[in-house]
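Structure record follows, encoded as structure tokens.
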Amino acid sequence: MSDAVGLCAACAHARVIENRRGSRFWLCERARIDPSFARYPRLPVLACAGFERAPRPPTPPGAEDEPA
């Protein structure tokens, strides 16, 4: 789990959004159906009632191009 992001880094409902200037934001897809969740939660998220571990964590745009 990334210390800067918290639970969102491993959540099935998180999606990484990158703007034209290269800033990255973590979108909570649960917010679409449940207004009690923040659309863009304050990071790091240390506790979340909607957390479900993703089979594979979301990959930030452009990260596929970076060497491991």
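The values are calculated or read from the model by the stated rules, or taken from the named source; none is laboratory data. This structure is a prediction, so every number in the text was calculated from the model and none was measured. Here the Cβ positions follow ideal geometry from the backbone for every residue, glycine too, while neighbour counts run over all protein chains shown.
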Please determine whether any residue of the stretch 17-27 is of a type in the set (S, T, N, Q), modelled with pLDDT under 95 and under 11 Å from the mean Cα position of the chain (by Cα). no
Looking at Ala47, Ala68, which one is of a type in the set (Gly, Ala, Ser), in a loop (DSSP other than H, G, I, E, B) and modelled with pLDDT under 95? Ala68
Over the stretch 1-28, the set of residues out of contact with any helix residue (DSSP H, G or I) (no Cβ under 8 Å at 6 or more places or on another chain) and either surrounded by 15 or more Cβ atoms within 10 Å (Cβ to Cβ) or of a type in the set (Val, Ile, Thr) (or both) is Val5, Gly6, Leu7, Cys8, Ala9, Ala10, Cys11, Ala12, Val16, Ile17, Leu27
Single residue of the stretch 18-32 satisfying the filter (of a type in the set (Lys, Arg) and outside any helix (DSSP H, G or I)) that is nearest to Leu7 (Cα to Cα): Arg24
Could we say that Pro61 is in a loop (DSSP other than H, G, I, E, B) and either of a type in the set (Lys, Arg) or modelled with pLDDT under 90 (or both) here? yes
